[in-house]
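Encoded as structure tokens, the structure appears first; notes follow it.
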Amino acid sequence: MEDKLTRLKSAMKKHTFLDLKFTESHRNSIHAAISKQDVSREDIMIGIFRSLDMEKSGYQINEYLYQKGIRNFENNEGSLYATLHELEKEGWLNSFWETEERKLYSLDERAKKWIKKQESNSSSASTQWRTAFEGGRTD
């Protein structure tokens, strides 16, 4: 299988990407667009709730959000922990200390119901995020 992928990559370089030029300017504009993204509180809640398919630490949640394109907490992890604490106080999340240094988070029943309701609304932002989180297109 790996040989097929190598051949595919080689063929794509020769044909598909032959005329494609990706300059430093392109790279910088993409990074600027990412850093300027405006993600609503609802989108952040959806991202956090979707990440909690099982108990996770704040670090694991942050990694999940980053991989899914939510960069709000990049270089500012403290604000993620403040958000998690706020969601916990509001009754959306449960948590416990696995060790003295590692706190794990899980969804409260209220959050599970809310995310299901959001996902059943096909026009909601959560549907777009769910599609993105599952690897599909959002347009």
- Note on the structure: Flagged in segment 54-91 as among the acidic types (Asp, Glu) and either at pLDDT below 90 or in contact with a strand residue (DSSP E or B) (Cβ under 7 Å, 6 or more places away or on another chain) (or both), in numbering order, are Glu55, Glu74, Glu77, Glu88
- Note on the structure: Checked Lys89, Lys68 against criteria (without any contact (Cβ under 8 Å) to a residue 24 or more places away in the chain and of a type in the set (Lys, Arg)); the one match is Lys89
- Item | Total residues in segment 41-67, condition open to solvent by 60 Å² or more (accessible area, probe 1.4 Å) and either aliphatic (A, V, I, L, M) or in a loop (DSSP other than H, G, I, E, B) (or both) | 3
- Query: Within segment 10-40, how many residues are modelled with pLDDT of 70 or more and in a helix (DSSP H, G or I)?
  - Reply: 13
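Collect the residues in segment 81-124 that are assigned to a loop (DSSP other than H, G, I, E, B) and either surrounded by 15 or more Cβ atoms within 10 Å (Cβ to Cβ) or of a type in the set (S, T, N, Q) (or both), keeping them in residue-number order. Quick ask: steps written out before the conclusion?
Let us first name the residues in segment 81-124 that are assigned to a loop (DSSP other than H, G, I, E, B), namely 90-92, 98-102, 108, 121-124.
Passing the criteria: Trp92, Thr99, Asp108, Asn121, Ser122, Ser123, Ser124.
The values are calculated or read from the model by the stated rules, or taken from the named source; none is laboratory data. These figures come from a predicted structure and were not determined experimentally. Don't worry about glycine lacking a Cβ; one is built from the backbone with ideal geometry, like all the others, and counts go over all protein chains shown. Side chains are part of the model used for accessible areas, which takes the heavy atoms of the whole protein and leaves out ligands, DNA and RNA. Shrake-Rupley method; radii C 1.70, N 1.55, O 1.52, S 1.80 Å.
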